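Throughout, read-outs are computed from the coordinates displayed, never taken from laboratory work. Here the structure is a predicted model, which is why all the values come from computation and not from measurement. All Cβ positions, even for glycine, are placed from backbone atoms using ideal geometry, and neighbour counts span all protein chains on display.
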Amino acid sequence: MANHEERHHFLLVVYGLQSHINPGRVLAHRLTRLGVDGSVLVTLAVPVATYRSMFPSKQDGVGDVSMTTNGVVSYVPYSDGVDDGSMPMNADDRAHRRRASSKSLSAIIARLADRGQPATCIMCTMAFLPVIDVAREHNIPVTIYWIQPATLLAMNYHYFHGYSKLITLHANDPAHKVSLPWLGRPLQISNFPSYLIDMSGSEMTKNINESSQELFEYMDQWRPKVLVNTFDELEANVLMKMKQHLDVFTIGPMVFAIGPMVRSSMETQIHLFNHNIIDKKRYMKWLQAHPDNSVVYVSFGGLSKYTKHQMDEIVGGLKQCGRPYLLVVRQDGLEDDESHRLDNTQSHGMIVDWCDQLEVLSHLAVGCFVSHCGWNSTIEAVVSGIPIIGVPNMFDQPTNTYLVEEVWEVGVKVERNSDGVLTGTELARCIELIMGEGAKAKAIRERAKALKEIAKQAANTGGSAERNLRDFFKTIQTHDKFCMNNTMSHQ
């Protein structure tokens, strides 16, 4: 067992969203492998509401009393003062939650220290300001875990370093092109993340942008390490230039498995949405009955909402293309009245309210992925070699779709009509463009397969993801030794 001086303890703080939790868990497990004989500890801190969903038996859990472990990674809940899983309503609410989260995380750090397991580094996914507050209070180094592409990190960086007026000036002109440093080519306004061009004054946009601005101000002053869920070959040009200005370590692809679905019990994904394992057996048996590369897989993530009209168009387009399809749509993802339910007994397809996405994407029967292009979904498609039809809605999704279509050329983006609706005819056209026998379809499929092999090399033992994470760890060790020697020299 490693002694106290040799032990490193990472406190990784994540938002209570599916898109943050699973990348956080992958990083947590990979960090523990960097040490030997228990020298690296990782505690994953999640909001109270999320903790209760992950561990239903811990219903009385609050940030300063409860902890759960799987024998490798520990889990602890922190309180935002509301603990109902909701988003802040206004500036006062944001301030209240920040104070409550900071207080709760500070109590967790004190408790870990009392146990003889003091946190030596605190991490956060994206811009979580209470982590910065607590790190300053306890004099603990901070690492930013950027769970979106490096391209988006560059766009955010430049927005908060002199380009905000230029971007917002043209926010209502989707076709207008803006040139940003590091990116190599101009970007249309429509390629920017929604929160940077949202002029509606929505509370969510204010929350994201104000938090991001403070994060980048902190980064300018203290230059923390930044771990990015991408790999060098995927965004080579932007990374090469970015590393001259930020201490970036590419540690992706951060998925639980690549290729054959062999997972340990500790590395299965956590699904916050309740699901029935019987459904999994049913859709996997259904996939098994179809030829290779024949099934259209459709899923738009856990946050997307769709009207009955939009969903009818999607189902109509899937029927029109005449190919077998697996459609994932949660009933609470339908905006219309509760009496509307989709018929899951389609003649050419199957409709389910949940699936194990990585396992589905890895199935030989799947030929393309109709996706909202959240980053986790995009990366999972890349490592599975599946072409993508992008249907972006918000946040980073427009940028990810731009990368899929124009940079990597492993998919296409749908075009909505003047009312913002994806028509069935357009969806069917894109499916045929990807799964047909035309020259473009074949080229897209070949590039998807090639990118899969590159992703596998990055993720394999000894690959760039492991090497870069170890390089990051060495810098943390060097920092700790410097601080320890500096402290002793002044005693």
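Data for the structure
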{"item": "Efficiency of FRET between E437 and H176 - r from beta-carbon atoms, R0 35 angstrom, step 0.05", "result": "0.40"}
{"item": "The range 406-429 versus the range 280-323: alpha-carbon centroid distance in Å", "result": "16"}
{"item": "Helix axis angle, 464-489 relative to the chain longest principal axis, alpha carbon, degrees", "result": "20"}
{"item": "Within straight-line cross-link reach of K308, lysines at Cα separation under 24 Å, skipping those fewer than 8 residues along the same chain", "result": "K319, K413"}
{"item": "The range 150-250, Cα convex hull volume normalised per residue, Å³", "result": "97"}
{"item": "Share of alpha-carbon pairs per 10 Å distance bin for the range 277-457, given as whole %", "result": "10, 41, 39, 10, 1"}
{"item": "Relative packing of 366-374, 23-31, 446-454, 221-229, which averages over residues the other C-beta atoms within 10 Å, highest first", "result": "366-374, 23-31, 221-229, 446-454"}
{"item": "Dipole magnitude of the chain, debye to nearest 20 (Cβ charges: Lys/Arg +1, Asp/Glu -1, about Cα centre)", "result": "1040"}
{"item": "Degrees separating the helix 18-32 axis from the principal Cα axis of the chain, which is the longest one", "result": "50"}
{"item": "From the coordinates shown, Cα extents along the principal axes in Å corresponds to which of (i) 76, 51, 46; (ii) 75, 58, 44; (iii) 197, 112, 33", "result": "(i)"}
{"item": "Angle in degrees between helix 439-459 and the longest Cα principal axis of the chain, rounded to the nearest 10", "result": "20"}
{"item": "Packing-based order for 409-422, 187-200, using average beta carbon neighbours within 10 Å, highest first", "result": "187-200, 409-422"}
{"item": "Using alpha carbons only: equivalent-ellipsoid semi-axes of the range 65-111, gyration tensor based, whole Å", "result": "25, 12, 7"}
{"item": "Mean Cβ count within 10 Å, highest first, over the residues of peptides 95-108, 159-172", "result": "95-108, 159-172"}
{"item": "Rel. contact order, % - alpha carbon contacts under 8 angstrom, at least six apart, the chain", "result": "12"}
{"item": "Local net charge near R94, Cβ-Cβ under 12 Å (Lys/Arg +1, Asp/Glu -1)", "result": "-2"}
{"item": "Neighbourhood net charge (11 Å Cβ-Cβ; Lys/Arg +1, Asp/Glu -1) for W354", "result": "-1"}
